[in-house]
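Take a look at the structure set out below.
The values are calculated or read from the model by the stated rules, or taken from the named source; none is laboratory data. Everything numeric in this text was worked out from a predicted model, so none of it was measured. Every residue, glycine among them, receives a Cβ derived from its backbone with ideal geometry; neighbour counts consider all protein chains shown.
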Amino acid sequence: MKVVVCVKQIPDPALPGELDPSTNYLKRDDKLILDESDSYGVEMALQLVESAGGGDVSLVSMAPNGAVGGLRTALAMGAEGAVLVSDAALAGTDALGTAKVLAAAISRMSPDLVLAGVESSDGYTGTVPEMIAGALNIPSITFAKQIQIEGGNVKVQRQTEAGYDDVECPTPALVSVTAGVVEPRYPSFKGIMAAKKKPVEELDLSALGIDSSSVGKNGARQETVQVTDAEERQAGEIIEDDGDAHEKIIEFLGELKVI
Amino acid sequence: MADLSDFYELDALLGDEEQMIRDTVAKFVVNEFMPLVADHFEAGTFPMELVPAIADMGLLGMHLDGYGCAGASAMAYGVACRELEAGDSGLRSFVSVQGSLCMFPIWKYGSEEQKEQWLPQMAAGEIIGCFGLTEPDHGSDPSNMATRAQRDGDKWILNGSKRWITNAGIADLAIVWANTDEGFRGFLVPTDSEGFEARKIQNKLSLRASVTGEFYMDDVIVPESMRLPDAVSIGAPLSCLSEARYGIAFGAVGVARDCYNAALDYQQGRPQFGKPLSSFQINQIKFADMLTQMTNANLQAMTLGRLKETHTVRPYHISMAKRHNCRVAIDTARTARAMMGANGVSTEYSPMRHANNMESVMTYEGTEEIHGLILGQEITGIPAFR
């Protein structure tokens, strides 16, 4: 079984990020790390291959500047190799352009299953995985909390607000994995040292046969026109307990429809 | 506010792999160990449930090559110790004792059969070791040890007791150092051997999230095949201590950093007299002193790492860094505790736990005074302790 995991390398969320005022995009000049939301996809893929008793987990990623730091983390966890699409013309690519590029890279890898995080922790568009499936013309299932491969089908417990739905579709397919549903493993030190020797194939747009004018800032159909600060959080309501505080709390939770 | 705790950005000098090992250990400590440490410190226990994860990462014997060990660089071992000890000295001690004091002597002085028999299982955390050098009546002068091993054909008969032994009581295998008619020798002694009895030392006020014990040997019989063939002098156990002390020099930097960060976080968020505690001049000077001392300690540790990588490190280099950095760590911990007022005595905050731990760490593996005298001997050419 061959599983390809889409991973994004993002600026470290622990450091203060900065937007480029000319594009309203996050600056990506510093070291990039593996998006934590993608580590669930990597873990899920490794578990699927382990339980299948064999197979191969490969990574695919896109970065304008050839960054591989985040890929090395996923390789240290146990992925076999990676394809990195890197081209200066990719700067400013929107979600659809990203999906086209990743789909072109994935189609060369002929996977049985493509996994992705539900959304990235920097852009949060949450649309790229399904657009990749569209570009590849394969079925997709979103919000997976559990995945099983049986015969030529992928069976997924698809998380919903009320619980989960059991859904399945034939492979090859793309499945987006909900963050937090598996415990991503700590890379072993041997894995970390082996990761350096694992293959990272770097491709540019011409290698994928993609016209550079169809991607990047010029090819983007989506534009961030304005960025405003999030509204400051309002102070919460303090309920003094006169013996009936519990009722007020229950009422409040009821209004939120959480109970 | 930028994080200045790596003031000269020395970690930027680490290789990619070393940085990844550092990040992996740091994440493990924060996510898996920190939620447990206060309760274990209170109970006087070590979180044994974490041993499989510690082993899976490759922490046990990480700086050794082959036999299931990770074969990481000396610098990687150092920064791993730093991140472990930022959590608690008990956690770093567990890893140091297993890797540097128990696996290292087998790796360095053992036979091929001994290495193949023990090291893979010890790296996997399936066999826990302890290191028996210190005795009830002999701490700083191990060469006067009372433990004896008597050769009897192709066997040895061991008698004596060892005290202040990390992991005694939970260990499966003891590395026992004994005096013999042929000189000092090291033996691999399974703790279920007839005549071997271990006890946990209760009522410690320090290093509580670590098991410390003593063991007694009453005519314990060990085959010649369990003697470390290449350990033929007191230099052998001392070389193991050099390995472990190297890790302590880094670990102490982790302690200082954690205490500095805890005090800074606390003072920035605690207003008194209408402004944050950190705005008072007296506290800012304390932070400046803590950061300076911590930076000095880190510079020593990282320089020591470079010497070790180029195989030019000498025992007296390690003595200076161990001695200096432990002193910085305990001073930083005590200052940080005081800067947190009454809240600082709670297990909710780390500095007092670290300060108490450092009482042990600056005592074991060569006291502050002994390391001073090792330096004194190097400076003057005159050994003051003989």
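Here A:V182 meets each of (1) assigned to a strand (DSSP E or B); (2) within 30 Å of A:K257 (Cα to Cα); (3) among the aliphatic types (A, V, I, L, M) with one exception, condition (1).
Across the range A:146-172, which residue is nearest to A:S51 (Cα to Cα) among those that are aliphatic (A, V, I, L, M) and assigned to a strand (DSSP E or B)? Spell out how you get there, then give the answer.
Going residue by residue through the range A:146-172, those that are aliphatic (A, V, I, L, M) are A:147, A:149, A:154, A:156, A:162, A:167.
When the remaining residues are screened for being assigned to a strand (DSSP E or B), the result is A:147, A:149, A:154, A:156, A:167.
Details: A:I147: 11, A:I149: 10, A:V154: 14, A:V156: 15, A:V167: 20 Å.
Of everything passing the filter in the range A:146-172, A:I149 is nearest to A:S51 (Cα to Cα).
Scanning the range A:140-177 for residues that are of a type in the set (A, V, I, L, M), over 16 Å from the mean Cα position of the chain (by Cα) and within 30 Å of A:I259 (Cβ to Cβ) turns up A:V156, A:A162, A:V167. When residues in the range B:161-204 are screened for being touching a helix residue (DSSP H, G or I) at 6+ places or on another chain (Cβ under 6 Å) and under 20 Å from B:V361 (Cβ atoms), 2 of them pass. For the residues B:T310, B:T367, the requirement of being at negative phi, more than 21 Å from the chain's Cα centre (by Cα) and surrounded by fewer than 23 Cβ atoms within 10 Å (Cβ to Cβ) singles out B:T310. With the structure loaded, tell me whether B:T303 is of a type in the set (V, I, T), surrounded by 14 or more Cβ atoms within 10 Å (Cβ to Cβ) and either more than 21 Å from B:V95 (Cβ to Cβ) or touching a helix residue (DSSP H, G or I) at 6+ places or on another chain (Cβ under 6 Å) (or both) or whether it fails that test. Answer is yes for this residue. Could you tell me whether any residue of the range B:192-200 is among the small types (G, A, S) and within 22 Å of B:A333 (Cα to Cα)? Within the range B:192-200 (the criterion being among the small types (G, A, S) and within 22 Å of B:A333 (Cα to Cα)), the answer is no, since none of the residues qualifies. The residue pairs whose first member lies in the range A:199-223 and is without any contact (Cβ under 8 Å) to a residue 40 or more places away in the chain, whose second member is hydroxyl-bearing (S, T, Y) and surrounded by 14 or more Cβ atoms within 10 Å (Cβ to Cβ), and whose beta carbons are closer than 7 Å, counting only pairs six or more residues apart or on different chains, do not exist in this structure. If the condition is being over 21 Å from the mean Cα position of the chain (by Cα), within 14 Å of chain B (Cβ to nearest Cβ) and at pLDDT 95 or above, then the range A:195-226 contributes only A:K198. Considering only residues in the range B:39-86 that are among the small types (G, A, S) and part of a helix (DSSP H, G or I), the one that is farthest from B:I248 (Cα to Cα) turns out to be B:A43.
Among the residues of the range A:31-54, count how many are over 17 Å from the mean Cα position of the chain (by Cα) and either surrounded by fewer than 19 Cβ atoms within 10 Å (Cβ to Cβ) or of a type in the set (K, R) (or both). Don't jump to the end; show me each part of the working.
Of the residues in the range A:31-54, the ones over 17 Å from the mean Cα position of the chain (by Cα) are A:31, A:47-54.
This time we only want the ones that are either surrounded by fewer than 19 Cβ atoms within 10 Å (Cβ to Cβ) or of a type in the set (K, R) (or both), so: A:31, A:47, A:50-54.
Residues flagged as over 17 Å from the mean Cα position of the chain (by Cα) and either surrounded by fewer than 19 Cβ atoms within 10 Å (Cβ to Cβ) or of a type in the set (K, R) (or both) within the range A:31-54 amount to 7.
All conditions in (1) closer than 19 Å to B:G213 by Cβ; (2) away from every other protein chain (no Cβ under 14 Å); (3) aliphatic (A, V, I, L, M) hold for B:A86, with the sole exception of (1). Residue count for the range B:316-351 satisfying the condition of being more than 19 Å from B:F280 (Cβ to Cβ) and either among the basic types (K, R) or surrounded by fewer than 22 Cβ atoms within 10 Å (Cβ to Cβ) (or both): 13. Looking only at the range A:133-148, filter to residues that are small (G, A, S) and crowded, with 19+ Cβ neighbours inside 10 Å; which one of those is nearest to A:E168 (Cα to Cα)? So, considering only residues that are small (G, A, S) and crowded, with 19+ Cβ neighbours inside 10 Å, the one nearest to A:E168 (Cα to Cα) is A:A144. Residues that are within 30 Å of B:K322 (Cβ to Cβ) and of a type in the set (A, V, I, L, M, F, W, C) within the range B:252-282 comprise B:A252, B:V253, B:V255, B:A256, B:C259, B:A262, B:A263, B:L264, listed in sequence order.
Selection of first residues in the range B:14-36 that are facing chain A (nearest Cβ under 9 Å) and of second residues that are of a type in the set (K, R) and not in a helix (DSSP H, G or I), restricted to Cβ pairs under 8 Å at least 6 apart or on distinct chains, gives the following pairs, ordered by first then second residue: B:D16/A:K196; B:E17/A:K196. If you take the residues in the range B:13-22 that are under 20 Å from the mean Cα position of the chain (by Cα) and of a type in the set (D, E, K, R), which one is surrounded by the most Cβ atoms within 10 Å (Cβ to Cβ)? Here the residue is B:E18. In the range B:107-126, how many residues are buried (at least 24 other Cβ atoms within 10 Å of the Cβ) and in contact with a strand residue (DSSP E or B) (Cβ under 7 Å, 6 or more places away or on another chain)? Residues that pass the stated criteria total 1.
Determine whether A:S140 is away from every other protein chain (no Cβ under 14 Å), among the hydroxyl-bearing types (S, T, Y), touching a residue at least 12 places away in the same chain (Cβ under 8 Å) and more than 18 Å from A:L113 (Cα to Cα). No; evaluated as a whole, the condition is false for this residue.
Anything in the range A:149-182 that is out of contact with any Asp or Glu (no Cβ under 7 Å at 6 or more places or on another chain) and either within 14 Å of chain B (Cβ to nearest Cβ) or in contact (Cβ under 8 Å) with a residue 40 or more places away in the chain (or both)? List them, or say none. Outline the logic, then answer.
Within the range A:149-182, the subset out of contact with any Asp or Glu (no Cβ under 7 Å at 6 or more places or on another chain) is A:149-152, A:159-170, A:173-181.
Hits for the range A:149-182 are A:I149, A:A173, A:L174, A:V175, A:S176, A:V177, A:T178, A:A179, A:G180, A:V181.
Would you kindly identify the strands (runs of 3 or more DSSP E) lying entirely within the range B:115-215 that contain at least 2 residues that are on the phi > 0 side of the Ramachandran plot? Please lay out each step first, then the result.
On the way: elements: B:129-132, B:148-152, B:155-166, B:173-180, B:183-190, B:196-200.
It comes to B:155-166.
Filtering the range B:48-79 down to residues that are buried (at least 21 other Cβ atoms within 10 Å of the Cβ) and under 22 Å from B:H354 (Cα atoms), which residue is farthest from the other protein chains (Cβ to nearest Cβ)? Taking the candidates together, the pick is B:G78.
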